[in-house]
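Colleague: Quick one: this structure, given as structure tokens, is what I'll be asking you about.
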Amino acid sequence: MEKVISIIMGSDSDLPVMKQAAEVLEDLGIGFELTIISAHRTPQRMMDFAENAHKRGIKAIVAGAGGAAHLPGMVAAISPLPIIGVPIKSSNSIDGWDSVLSILQMPGGVPVATVALNGAKNAGILAAQIVGSSDHAVLDRIASYKEQLRKAVEDKYTRLEKEGYKNYKK
């Protein structure tokens, strides 16, 4: 399977959050790569990655980072690809707000689509939708995924309405 999404993170401590993006891409049958790139500790690796990802066939980058969270913005400054930032509440984080604001508050001309704190699943879905905008097979799988979400909620409200809240069990 051709790898069209890149999932990067600043540290392996980010993996419990970032694997959610990998899992949703696996479920949707979309090829991806996953690695660690630190904007602060491996800046040359980050530069090489950002300059070359599109040349390797990558269509979108999901970048997660905690604390100062410079990775998504620095990659966006270099790469022509769409970047989806995942702010991560890390051990050195100020309740995650430092990460959210570091990724969200980008200067004009350097956009980073930003999902919720620890929202890697939504970042994976958004990356899939970016790919799906030009790949009808991926778009069909995303539509099916969203239909499954709708049906799951329909099943829940139908059961709740039938059984009442006292008898309803998840």
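Colleague: Select from region 32-55 the residues that are open to solvent by 60 Å² or more (accessible area, probe 1.4 Å), within 22 Å of Ile130 (Cα to Cα) and in contact with a strand residue (DSSP E or B) (Cβ under 8 Å, 6 or more places away or on another chain) and list them in ascending order.
Modeller: Leu34 - this is the single residue of region 32-55 that is open to solvent by 60 Å² or more (accessible area, probe 1.4 Å), within 22 Å of Ile130 (Cα to Cα) and in contact with a strand residue (DSSP E or B) (Cβ under 8 Å, 6 or more places away or on another chain).
Colleague: Could you go through region 12-24 and let me know if any residue there is over 30 Å from His136 (Cβ atoms), among the charged types (D, E, K, R), assigned to a helix (DSSP H, G or I) and open to solvent by less than 30 Å² (accessible area, probe 1.4 Å).
Modeller: The answer is yes; a qualifying residue exists.
Colleague: State all residues of region 121-149 that are touching a residue at least 60 places away in the same chain (Cβ under 8 Å), open to solvent by less than 60 Å² (accessible area, probe 1.4 Å) and under 17 Å from Glu2 (Cα atoms); if no residue qualifies, say none.
Modeller: Selection gives Gly124, Ala127, Ala128, Ile130, Val131, Val138.
Colleague: Open to solvent by 30 Å² or more (accessible area, probe 1.4 Å), of a type in the set (D, E, K, R) and at pLDDT below 95, is that true of Lys59?
Modeller: No.
Colleague: Please go through region 96-120 and give me each residue that is in a helix (DSSP H, G or I) and surrounded by fewer than 18 Cβ atoms within 10 Å (Cβ to Cβ), ordered by number.
Modeller: Of everything in region 96-120, those that are in a helix (DSSP H, G or I) and surrounded by fewer than 18 Cβ atoms within 10 Å (Cβ to Cβ) turn out to be Trp97, Leu101, Leu104.
Colleague: Hey, another quick one. Check whether at least one residue in region 69-77 is in contact with a strand residue (DSSP E or B) (Cβ under 7 Å, 6 or more places away or on another chain) and modelled with pLDDT under 95, and report yes or no.
Modeller: Checked against the condition, which is being in contact with a strand residue (DSSP E or B) (Cβ under 7 Å, 6 or more places away or on another chain) and modelled with pLDDT under 95, region 69-77 yields at least one hit.
Colleague: Please go through region 83-95 and give me each residue that is part of a loop (DSSP other than H, G, I, E, B) and touching a helix residue (DSSP H, G or I) at 6+ places or on another chain (Cβ under 9 Å), ordered by number.
Modeller: Passing the criteria: Lys89, Ser90, Ser91, Asn92, Ser93.
Colleague: Hey, another quick one. When region 141-170 is examined, which residues are found to be small (Gly, Ala, Ser) and more than 28 Å from the chain's Cα centre (by Cα)?
Modeller: Gly164
The values are calculated or read from the model by the stated rules, or taken from the named source; none is laboratory data. Just so it is clear, the model here is predicted, and its values are computed rather than measured. For neighbour counting, all protein chains shown are included, and Cβ atoms are generated from backbone atoms with ideal geometry for every residue, glycine included. Keep in mind that these areas ignore ligands, DNA and RNA; they rest on the heavy atoms of the full protein, side chains included. Shrake-Rupley method; radii C 1.70, N 1.55, O 1.52, S 1.80 Å.
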